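Undergrad: Got a structure for you, questions after.
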Amino acid sequence: MPRLLTEMLGTLLGIRGLIGALLLALTFKAAVAPSFSWIAKEGIGAVQMAGATVVTVIAAVGVPFLLVALAGGIAEFTERIASKAVEQRLIIVLQRTYLDRRRGESQARDVTQILYGSELAKKGFEVIYKDAWRLTAEVGAIILWQLSIGPEWLPALLLSILPALLIVWLVGPAIQRLSRLVLTTHRVLAARTKRLHKERFERSQERLFRSVMHLEVLRWLADRGMGAVLWVSFGLFVGVSLAFDLGLIPSSGDVATASSFAVNLALLAKPLGDIGKVYTKWREAMPAVIPVYGRA
């Protein structure tokens, strides 16, 4: 796995210019977004002024609003184009790398990897250059904020996270196996398109259908299950701590701190759910990433 990650990073470095442009576009978009709240504040101030009319309000915020809206539109367009450019260039690089490193030629396998496998493998790279940084920042910010407002609650927060992460970690291998089966079935379908293979082709279609449905169920469990497990885990920790006097829950009656912890726990549910999505995306992509570098 370390060697595979190194090769994946090498591939991303090959398109670092486009990735850098995407990160700049995302930064610009994030910087423009808060401007709308400033426009709203100025608009409310203009409305509250004595003798305010529609004309005076438009005169006060009309031009700034148009400029901010224009900047927002440019930011949205730039981010969309940069994101699509990264995706398409990455697919091209993956296709070329696979063809250069493949061991022997097989039309069914090669066509499947080029058309389906490269699109699937792309998801694994997205985890590295996009999702990992965002999730690390989100979860880290919540933990740091909890440290600042109530560090005594941090053990309960961390202990509530662990079972949710364990659930996804256990589901991950099954997702990867099903993803490999789906990829293999696509290859089988590509090899059975002749009329004389009609019955075997249709059986493979049914197997593909079942595999995709099973994969979707597991992805849903990983995506949605983490948030539910988080709250159930916290409830269990509270009950066990109170029943056996383990001290996992602070005994102080500070309602404000406890309320802040509840808010942080709720905020943590979203990035945890995203972690589940990212992990399943990584596992699902691996069967298509490995052949790119001539390892299958």
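Undergrad: For the stretch 218-230, give me each residue that is surrounded by 14 or more Cβ atoms within 10 Å (Cβ to Cβ) and free of Cβ contacts under 8 Å to residues at least 60 places away in the same chain.
TA: So in the stretch 218-230, the residues surrounded by 14 or more Cβ atoms within 10 Å (Cβ to Cβ) come out as 218-219, 221-223, 225-230.
Selection gives Leu221, Ala222, Asp223, Ala228.
Undergrad: Please pick out the residue among Glu202, Glu216 that is acidic (Asp, Glu), within 28 Å of Asp274 (Cβ to Cβ) and part of a helix (DSSP H, G or I).
TA: When all the criteria are applied, what remains is Glu216.
Undergrad: Looking at the stretch 233-259, which of the residues that are open to solvent by 90 Å² or more (accessible area, probe 1.4 Å) and out of contact with any helix residue (DSSP H, G or I) (no Cβ under 8 Å at 6 or more places or on another chain) is modelled with the highest pLDDT?
TA: Leu236
Residue by residue, here is whether (1) more than 16 Å from the chain's Cα centre (by Cα); (2) open to solvent by less than 30 Å² (accessible area, probe 1.4 Å) holds:
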site: Val63; (1), (2): yes, no
site: Leu66; (1), (2): yes, no
site: Phe77; (1), (2): yes, no
site: Ile81; (1), (2): yes, no
site: Leu115; (1), (2): yes, no
site: Val127; (1), (2): no, yes
site: Lys130; (1), (2): no, no
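Undergrad: Collect the residues in the stretch 165-191 that are open to solvent by 80 Å² or more (accessible area, probe 1.4 Å) and in contact with a helix residue (DSSP H, G or I) (Cβ under 9 Å, 6 or more places away or on another chain), keeping them in residue-number order.
TA: Leu166, Trp169, Arg177, Arg180, listed by residue number.
Undergrad: Let me ask something else about it. Exactly one condition in (1) part of a helix (DSSP H, G or I); (2) at pLDDT below 90; (3) closer than 15 Å to Gly294 by Cα is not met by Ile74; state its number.
TA: (3)
Undergrad: Here is a list: Arg134, Arg96, Arg80, Arg89. Which entry is among the charged types (D, E, K, R) and modelled with pLDDT under 80?
TA: Arg134
Undergrad: Moving on to the next point. For the list (1) at pLDDT below 85; (2) farther than 30 Å from Leu144 by Cα; (3) in contact with a helix residue (DSSP H, G or I) (Cβ under 8 Å, 6 or more places away or on another chain); (4) not aliphatic (A, V, I, L, M), I need the number of the one condition that Lys194 fails.
TA: Going through (1) at pLDDT below 85; (2) farther than 30 Å from Leu144 by Cα; (3) in contact with a helix residue (DSSP H, G or I) (Cβ under 8 Å, 6 or more places away or on another chain); (4) not aliphatic (A, V, I, L, M) one by one, Lys194 breaks only (3).
The values are calculated or read from the model by the stated rules, or taken from the named source; none is laboratory data. Keep in mind it's a predicted model, so treat the numbers as computed, not measured. Neighbour counts run over all protein chains shown; Cβ positions are idealised from the backbone, glycine included. Surface accessibility is based on the protein's heavy atoms, side chains included, excluding ligands, DNA and RNA. Shrake-Rupley method; radii C 1.70, N 1.55, O 1.52, S 1.80 Å.
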